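The values are calculated or read from the model by the stated rules, or taken from the named source; none is laboratory data. Just so it is clear, the model here is predicted, and its values are computed rather than measured. Heads up, the Cβs are rebuilt from the backbone with ideal geometry, glycines too, and the neighbour counts pull from every protein chain shown.
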Amino acid sequence: MKRALTAAIALLAATAPAYAHLDPAGHGSFMAGFTHPLFGLDHILAMVAVGLWAAMLGGRSRWRVPAVFVGTMAAGFALALAGVPLPFVEPAILASVVALGLLVAMAARVPAAGCALIVGGFALFHGHAHGGEIGGADVFGYGAGFVLATAMLHGSGIALGLGLARFGAAPARWLGAATAAAGLVLMVQA
């Protein structure tokens, strides 16, 4: 397990942020929005970590935590479209990777309102980033695309968390630690 974690961190350290997003004119607004969260390692890590944490929390949190994220992310998207500036968007996104990874690594038990504040706060920045990078895409198609991709990444994290739970809490916690470490690497690269 230690070798696998070391290899994963080394691999993540060797990657560069992905800036290639689909052109809405060539691929359609929905596909441009759908692929947007899938082309950024920071987005993937944060979304899967939200799902992992929700799975660890259990009960209604399995759907409430991701639902709060998606809803608040849509609000951040709307703020960007309305031209409302939000400072430190990219640093906040990178901080979300580290923080969410640490929450999973610690198997943090946070009251429902606290979970909503944490994921909602980070989601606002993720949504604002999506809105700021919309380019010439249709708002509704692009928005539907990135919302669906985000929900699918959350679902992947939940499924992964539930699958790993059969082996105890340690595997998910190690993934959380690896996520936080990857977030730190991304911060250094930024």
With the condition kept exactly as written, say whether any residue in the range 127-138 is β-branched (Val, Ile, Thr), at pLDDT below 95 and surrounded by fewer than 16 Cβ atoms within 10 Å (Cβ to Cβ). no
Could you tell me whether any residue of the range 40-51 is more than 26 Å from Ala165 (Cα to Cα) and among the β-branched types (Val, Ile, Thr)? no
Filtering the range 63-86 down to residues that are farther than 15 Å from Gly120 by Cα and in contact (Cβ under 8 Å) with a residue 40 or more places away in the chain, which residue is nearest to the chain's Cα centre (by Cα)? Ala80
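Residue-wise test of (1) outside any loop (DSSP other than H, G, I, E, B); (2) modelled with pLDDT under 95; (3) buried (at least 17 other Cβ atoms within 10 Å of the Cβ).
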| site | (1), (2), (3) |
| --- | --- |
| Gly26 | yes, yes, no |
| Val50 | yes, no, yes |
| Trp53 | yes, no, yes |
| Val68 | yes, no, yes |
| Ala74 | yes, no, yes |
| Pro91 | yes, no, no |
| Ser96 | yes, no, yes |
| Ala99 | yes, no, yes |
Are any residues in the range 150-169 free of Cβ contacts under 8 Å to residues at least 60 places away in the same chain and small (Gly, Ala, Ser), and if so, which ones? Gly163, Gly168
Return the only residue of Gly83, Gly33, Gly121, Gly127 being small (Gly, Ala, Ser) and assigned to a loop (DSSP other than H, G, I, E, B). Gly83
Looking only at the range 103-113, count every residue that is in a helix (DSSP H, G or I) and modelled with pLDDT of 95 or more and tell me the total. 3
Among Leu175, Leu117, Leu100, the single one that is of a type in the set (A, V, I, L, M, F, W, C), within 19 Å of His43 (Cα to Cα) and without any contact (Cβ under 8 Å) to a residue 24 or more places away in the chain is Leu117
Name the residues in the range 93-116 that are over 15 Å from the mean Cα position of the chain (by Cα) and hydrophobic (A, V, I, L, M, F, W, C), would you? Ala105, Met106, Ala107, Ala108, Val110, Ala112, Ala113
